[in-house]
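The values are calculated or read from the model by the stated rules, or taken from the named source; none is laboratory data. The structure presented is a predicted model; accordingly, all values stated were derived computationally and were not measured. Positions of Cβ are backbone-derived with ideal geometry, glycine not excepted, and every protein chain shown enters the neighbour counts.
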Ligand SMILES: [Zn+2]
């Protein structure tokens with residue numbers, strides 16, 4: 001089995017725990033943003049019903065989903081957060097990669113691609 005190469009970090013890089021604390025201070029902790037036990041149960045129910053990455057499935061590739069994404073960013077709005085018609089099962093790669101890129105393009109891009117994926121937007 002191939003050995004993973006060592007990760008390079010500059011000497012002045014802050015440890016992950018410290019970076020996470022600072023991110024929480026900026027945007028609020030995960031639980032304060034609604035990611036609580038209720039979310040945990042709802043997320044698992046969604047993944048049980050929709051276990052494949054929707055974006056990869058659209059591309060004709062079968063990949064297990066690990067993330068339930070709020071396709072339209074909820075920005076702390078509880079009604080948007082719990083609007084299950086906008087939840088999408090994604091793999092980690094799609095969630096951290098092309099979905100983040102799409103979000104940077106703005107709402108029109110999200111709506112266009114979301115409709116291609118079959119979301120009712
Ligand atoms: Zn994917």
Only one of (1) within 12 Å of the ligand (Cβ to nearest atom); (2) surrounded by fewer than 17 Cβ atoms within 10 Å (Cβ to Cβ) does not apply to residue 91, and that is (2)
For the subset of segment 55-80 comprising residues that are out of contact with any helix residue (DSSP H, G or I) (no Cβ under 8 Å at 6 or more places or on another chain) and in a helix (DSSP H, G or I), which member is surrounded by the most Cβ atoms within 10 Å (Cβ to Cβ)?
57
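Residue under question is residue 26, and the condition is that it be in a helix (DSSP H, G or I) and closer than 25 Å to residue 121 by Cβ; does it hold?
no
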Listed by first then second residue, the pairs whose first member lies in segment 52-67 and is closer than 22 Å to residue 35 by Cβ, whose partner is assigned to a strand (DSSP E or B) and within 8 Å of the ligand (Cβ to nearest atom), with beta carbons under 9 Å and at least 6 positions apart or on separate chains, are 53/90; 54/90; 55/90; 65/90; 66/90; 67/90
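Residue-by-condition table, conditions (1) under 15 Å from residue 39 (Cα atoms); (2) modelled with pLDDT of 95 or more:
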{"residue": "69", "(1), (2)": "yes, yes"}
{"residue": "79", "(1), (2)": "yes, no"}
{"residue": "95", "(1), (2)": "no, yes"}
{"residue": "98", "(1), (2)": "no, yes"}
{"residue": "112", "(1), (2)": "no, yes"}
Can you name every residue in segment 94-112 that is surrounded by 13 or more Cβ atoms within 10 Å (Cβ to Cβ) and either within 13 Å of the ligand (Cβ to nearest atom) or closer than 15 Å to residue 43 by Cβ (or both)?
94, 95, 97, 98, 99, 102
Restricting segment 2-37 to residues that are surrounded by 10 or more Cβ atoms within 10 Å (Cβ to Cβ), over 19 Å from the mean Cα position of the chain (by Cα) and modelled with pLDDT of 75 or more, the residue that is nearest to residue 76 (Cα to Cα)
18
